[in-house]
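This report refers to the structure that appears directly beneath it.
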Amino acid sequence: MVPGAIAYYRFDEGAGQILHDYSGNGNHGTLGSTAGVDTNDPAWNAQGLVFAGDDHVNCGTGVDASVAGLTVMAVVNSAADTEQAIAAKGVGTGATGTGWYLEKRTGANRYAARVYDSTGAFKTCFYPSAHANGTWGMISLVADGLSIRLYSGISAGTPVDCVGLTPAPAQQLVLGKLSYTGGFYLTGGIAAIYALPFALSPSQIAQTYAYEKAHLAPKQVFLP
């Protein structure tokens, strides 16, 4: 694991209502419903958590970007080509706001990262040809204060200019749906998530990918 993670979720629990943060920062998640939003919990299996399109995990407000950087890495297996939030911590009107989102987008094998820059303006970058539905892959959002870039495994997509970031300290980190609404639910599985308040280098992305590939293989989560 790369040092400095503000949260690291291994999805090893297999049962219960708590998703443990192995970074040592205590940013544990809670499986459970939000009154008036949804009433179901994601289900545990041997690989991690299975999201059925009507459930989520709340991970509190402690996981956030810094004003200068962010890395969010998720091992995910989507089952649909609809727009789905994997990990989200933000709120906005679309054009302006605070925070960030890591998403599966409409269209085959298409993923996206959305970040609000230092002025609160909305920036989006895409990886249009990541792993196929029904297979596992690692998708990583990296923001370094100058641009945002999305990785599929260790392959980097085209960067998008993004000067600085606007954190969202009051918003919860939510897995499996948008953080401030009941929409954009994930249909599929998550087996690991990292969050770091700085940008990882390409070599650190590769290091983390290799670690997770070895760590997850005994759970039948096979990264390409």
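Residues of the stretch 170-202 being at pLDDT 95 or above, more than 24 Å from Ala46 (Cβ to Cβ) and among the aromatic types (Phe, Trp, Tyr), which ones?
Within the stretch 170-202, just Phe198 meets the criteria.
Just to be sure I understand, how many residues within the stretch 102-129 are within 15 Å of the chain's Cα centre (by Cα) and free of Cβ contacts under 8 Å to residues at least 60 places away in the same chain?
Adding up the residues that qualify gives 12.
Residue-wise test of (1) more than 17 Å from Ser179 (Cβ to Cβ); (2) polar (S, T, N, Q); (3) surrounded by fewer than 17 Cβ atoms within 10 Å (Cβ to Cβ).
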{"site": "Cys59", "(1), (2), (3)": "no, no, no"}
{"site": "Asp64", "(1), (2), (3)": "no, no, no"}
{"site": "Leu70", "(1), (2), (3)": "no, no, no"}
{"site": "Ala79", "(1), (2), (3)": "yes, no, no"}
{"site": "Ile86", "(1), (2), (3)": "no, no, no"}
{"site": "Thr96", "(1), (2), (3)": "no, yes, yes"}
{"site": "Gly99", "(1), (2), (3)": "no, no, no"}
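Of the conditions (1) β-branched (Val, Ile, Thr); (2) out of contact with any Ser or Thr (no Cβ under 8 Å at 6 or more places or on another chain); (3) in contact (Cβ under 8 Å) with a residue 12 or more places away in the chain; (4) more than 19 Å from Asp21 (Cα to Cα), Thr93 clears all except one; give me its number.
That leaves (3) as the condition not met.
The values are calculated or read from the model by the stated rules, or taken from the named source; none is laboratory data. Note that the coordinates shown come from a computational prediction; the quantities given were computed from them, not determined experimentally. FYI the Cβ positions are ideal-geometry reconstructions off the backbone, even for glycines, and counts take in every protein chain you see.
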